[in-house]
Amino acid sequence: MSPLLRRRLLLAALVLPLAGLMWLAARAGIASLYYFQAAFALDHWQQQAPAVADYQQAATAINQASALQPDNPHYLLMQAKINEWGWHSGYLNTEALAGNEALYQRAIALRPDWPVAYADYGYFLGFSQFRLTDAWTQMALARQHGAYLPQVQQKFLTLSFQYWPYWSAGQKAEIFKYLQQTLFGHLSGQAIALVRQFKLQRQSCLYLSRRAATEPQWPQVERQLCTEASPAP
């Protein structure tokens with residue numbers, strides 16, 4: 001083999017894997033741009049519900065991100081959330097929304113220790129499907145993997161308080177126990193706001209006065225939750 005041919009073969013052996021890596025990096029970069037476009041839209045919708053064009057644009061972006069990187073759990077979760085906004089806004093029918101369950105399950109399978117995925121899945125099952133037993137199971141997993149994350153706290157307490165009459169005595173005791181832990185942690189403000197929002201001060205304060213009166217933070221929590229007037233809407 002001539003030296004020239006040997007050099008060309010060696011160069012090809014080096015260039016081809018590099019080109020493959022560059023292509024993969026480019027795909028990842030493009031997918032990331034699509035993802036952040038959808039994430040920005042979702043953030044904006046917290047203040048203002050999307051118009052149909054806004055929803056379609058965000059849905060297209062996250063679908064493209066997932067197509068480029070189908071095994072990215074963040075993209076799958078974002079796709080599910082965009083779908084739910086479409087459903088709540090009347091742009092997506094119930095049959096199409098049913099596909100969300102597979103997105104959540106796939107995201108969890110890819111990242112089984114991700115508490116936010118369990119919390120979002122449980123929230124979806126409760127609010128969109130009214131499958132409260134299944135929702136409770138997913139929320140238990142969310143708390144197991146990340147009880148003190150703000151996303152987990154917000155989703156679990158919102159679901160718990162929204163469907164308060166449907167829970168068993170044992171489940172309500174578990175909710176109160178979790179509430180007690182969060183009220184004496186760094187997310188107490190969010191927990192107090194949710195108790196007030198769902199008008200559960202009386203039940204919460206009765207439980208806490210019996211179970212948490214010896215906690216050093218109890219006087220402050222009692223003042224904020226049980227004695228201070230609720231802020232005007």
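The values are calculated or read from the model by the stated rules, or taken from the named source; none is laboratory data. The shown structure was predicted, so the numbers you read here are calculated from the model rather than taken from an experiment. We place every Cβ from the backbone using ideal geometry, glycine too, and count neighbours over all the protein chains shown.
Figures for the structure shown
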| read-out | value |
| --- | --- |
| Out of 104, 75, 91, 55, sole residue that is over 23 Å from residue 126 (Cβ atoms) and among the hydroxyl-bearing types (Ser, Thr, Tyr) | 75 |
| Filtered residue count, region 86-114, keeping only those that are within 16 Å of the chain's Cα centre (by Cα) and buried (at least 20 other Cβ atoms within 10 Å of the Cβ) | 5 |
| Residues being within 16 Å of residue 88 (Cβ to Cβ), surrounded by fewer than 13 Cβ atoms within 10 Å (Cβ to Cβ) and acidic (Asp, Glu) - total across region 44-72 | 0 |
| Filter result for the condition that a residue is assigned to a helix (DSSP H, G or I) and surrounded by 15 or more Cβ atoms within 10 Å (Cβ to Cβ), over 177, 155 | 155 |
| In region 180-216, residue modelled with the lowest pLDDT [restricted to those that are surrounded by fewer than 13 Cβ atoms within 10 Å (Cβ to Cβ) and assigned to a loop (DSSP other than H, G, I, E, B)] | 186 |
